[in-house]
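Worksheet: the structure to be examined is printed underneath.
The values are calculated or read from the model by the stated rules, or taken from the named source; none is laboratory data. Keep in mind the model is a prediction, meaning the values are calculated, not measured. Cβ placement follows ideal geometry from the backbone for every residue including glycine, while neighbour counts extend to all protein chains displayed. These area figures cover heavy atoms from the full protein model, side chains too; ligands, DNA and RNA do not enter into them. Shrake-Rupley method; radii C 1.70, N 1.55, O 1.52, S 1.80 Å.
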Amino acid sequence: MEATTLVWILGAALVVVTGALAAAVMAWRRTSAELAEANLRVPPPPPENPTQRAVLTAGTAVRSVFEAVSRVREQGVGGMLVSTLEDFNRWAADQRTAIGRIADEDGTVTIFFSDIENSTALNNQLGDSRWLKVLTAHDRLVETYVEKYRGLIVKSFGDGHMVVFTTPELAIAAALDIQRALNASWNRSRELRRTPIRIRIGMHTGTAIERGGDYFGQNVALAARVAGQAQGGEILVTGDIVSSTEDVFGFTPAEAVELKGFDGEHELFHVDGRR
């Protein structure tokens, strides 16, 4: 009787150990898959051409996907858009040479900010593992159209991007294509088809040459504040952009708003599309 009981005990212990081993193997495989996915985001070595090197380094800078999730959680929605003038100046200074190469002949650039609407809630709803996949797909889509229209990604912050383009026309064309791709049934990203996201975009145009120490930083800050006023799926721009592109694109006036750090009210405009 005692021998039979011992056999049953040993058998049960073997089942428990086997189950624990199987669970450990599955966990190891999941971790390996996530690490492999993260490694795919590390960009290839930059080309030898100095201009290409500057654009590639800034446009696809190495960043950890796990750090991206933690920053979104810490900063909440629009963390990049409520940064300080000092932050904007520092980001611009870090990429001063590359931004100078992007600038138009008159020394101006168009500054473009984007982020995912309700990103913190989405992260909580999906969990970190799936949210990382959505972020990766989002980043690839944004980077695809920034590259198509010869833009430069100056800064990526969680789910947000700061980009500069040579002209307002290129910036608006990129923004329209990004919004169109997100809503298209032909979107090639399985993650973005499974988990639809809405991006808000804001932009302003101004000089890329520092005057008085922080002139470019103020233009960057204004573009970020404009993006902060947008809703998901919208593209908001300043009057300076409208005046230089209204023969190419259609616009609808938005409400005049006060913007943090700037005096008075500012009239903003929705981009409707090409004329």
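General observations
- Under 22 Å from the Cα of Lys133 - lysines, other chains or at least 8 residues apart: Lys155
- Taking max minus min of the alpha-carbon positions on each principal axis, segment 107-247 gives extents of 45, 31, 23 Å, largest first.
- For segment 194-271 versus segment 114-190, the inter-centroid distance based on Cα atoms is 17 Å.
- Cut-off under 5 Å, modelled amide H: who pairs with Lys155 long-range: Met162
- Rounded to the nearest Hz, the phi-derived 3J(HN,Hα) couplings of segment 217-227 under the Karplus curve 6.51 cos²θ - 1.76 cosθ + 1.60 (θ = phi - 60°) are x, 5, 5, 5, 4, 5, 4, 5, 5, 5, 4, where x marks glycine and proline.
- Area of Thr144 that stays accessible when all protein chains are in place (1.4 Å probe, Å², to 10): 80
- Compared with the direct C-alpha span, the chain from Asn118 to Arg198 gains 28.0 nm at full extension, assuming 0.36 nm per residue.
- Taking amide H positions as modeled 1.01 Å from N, with prolines and chain starts lacking one, the residues under 5 Å from Ala208 and 5 or more places away or on another chain are Thr108, Val109.
- The calculated FRET efficiency for Gln125 paired with Glu265, based on their beta-carbon distance and R0 = 35 Å, is about 0.45.
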